[in-house]
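What follows is a short report on a single structure.
The values are calculated or read from the model by the stated rules, or taken from the named source; none is laboratory data. All values reported here derive from a predicted model rather than from experimental measurement. All Cβ positions, glycine included, derive from the backbone under ideal geometry; neighbour counts span all protein chains shown. These accessible areas exclude ligands, DNA and RNA; they are computed on the full protein's heavy atoms, side chains included. Shrake-Rupley method; radii C 1.70, N 1.55, O 1.52, S 1.80 Å.
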Amino acid sequence: MDKGGLLSNDMKVACEIYRHNEDKKEPIWFAKLSEILENEMLRSAVSRSLDKLSDWGIVKREHGETEGGRAGRLLYIANEPKDTIKSVYEEFWKRRDPNDES
């Protein structure tokens, strides 16, 4: 069973940001996040979730370098909720894609 289907859009967004920051050690930004989650939700839903998660202090946005050296707003999980997001990620999101090696 795909446990990822049990998560709200907000938690899916948070888990995917966590996956890139902590498991893959890669930066992630809105366009990249939207592309990754395109089969899960609409781009506008990703944007609404990011706004909520930022308002709640779960996601922080910082200016930094994206692909090709371009500037962009990188997404991170804030320190305080990181353990909670990690638990949800490991239980519901980490193994949702059998082709993903991370």
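Measuring with a 1.4 angstrom probe and ignoring ligands and nucleic acids, residue 87 comes out at about 70 Å² accessible. Under 5 Å between amide hydrogens, built in the peptide plane, is the criterion, and for residue 78 it picks out 59, 60 among residues at least 5 positions away or on other chains. The Cα-based radius of gyration and maximum Cα-Cα distance (Dmax) for the range 28-93 are 12.5, 34 Å. Apolar share of the accessible surface for the chain: 44 percent from carbon plus sulfur atoms, 1.4 Å probe. The trypsin sites (Lys or Arg not before Pro) of the range 39-78 meeting both criteria, a DSSP state outside H, G, I, E and B (loop) and at most 12 other C-beta atoms within 10 angstrom of the site's C-beta, are 70.
Can you tell me, using C-alpha contacts under 8 Å and at least 6 residues apart, the relative contact order of the chain as a whole percent? Kindly include the intermediate steps, with their values, before the conclusion.
On the way: 120 pairs, mean separation 37.5, N = 102.
It comes to 37 percent, rounded to a whole number.
Accessible area per residue for the range 28-93 is 62 Å², calculated with a 1.4 Å probe on protein heavy atoms, without ligands, DNA or RNA. Computed from Cα positions, the angle between helix 43-55 and the longest principal axis of the chain comes to roughly 80 degrees.
Applying both filters, DSSP loop and at most 13 other Cβ atoms within 10 Å, to the GluC sites (Glu not before Pro) of the range 6-48 gives 38.
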